[in-house]
């Protein structure tokens, strides 16, 4: 167990990810890989809830879209980039999961991504994170345990502090390949839709944590890492909405003994190797006033 924690705490630094992973995850690496996301499905969306806001009181954003499948975009940190022209220590990812390898309640490990609501209020209808995964398999509703991702939006998050929950729960989610990959893993968008709650202008942190806890499913021995985003003198590809605050994400993990620990910096959860921002987003509409 000590070996597992030490290696997993390295959290996929670009140069040594699978030097650690192979020692603790032989049980899933020895399984025959599935070839496509279609072989895992069908994935189910949560039922669309009737919004408390009438259609006439919302307006579309500027036409921008994000997510997978795409929806109206309020915020997106941008796409992961594994560019060999930059220092190889920068591209990275951080454990973001509740599965058989990293169990916990409500999660074994979670990355809390900052974002800012500016101008008018937002009506949130969906949340997503882009995660490197060994298989991308999620628990399937309505089967037990009946949920596929944990989500939460909080305010006032700080080192050692979870802040105040605005909206939180578990819900069915989709897991869809983005076509990107790194570190020997493919990237999947884990997305929840059918949400309905407002956010006033201010600073927030979001988490969307993939869940795969079925002990009868060997693919739940896989791993998930939230893709990071590096602002290397340019805005990341695909980024939309207010810019993601840099160096403001937190890592919380009962499994590894971290309590809302800063992700960035030499002493952060990524040990200074990238992780100044992450690939996550918010779907919805801007409220009219």
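Shape class of segment 189-273 from the alpha-carbon gyration tensor: oblate, with a/c at 1.5 or above and b/c at least as large as a/b. With a ≥ b ≥ c taken as the square roots of the eigenvalues of the C-alpha gyration tensor of segment 145-289, please select rounded if a/c is under 1.5 and otherwise prolate if a/b is larger than b/c or oblate if it is not? It comes out rounded by the Cα gyration axes. Pull out a ≥ b ≥ c, the square roots of the eigenvalues of the alpha-carbon gyration tensor of segment 149-231, then state rounded if a/c is under 1.5, prolate if not and a/b is larger than b/c, and oblate in the remaining case. Because a/c hits 1.5 or more and a/b exceeds b/c, segment 149-231 counts as prolate.
Coordinate-derived values only; no laboratory data. Owing to the predicted nature of the structure, the values given are computational and were not obtained by experimental measurement.
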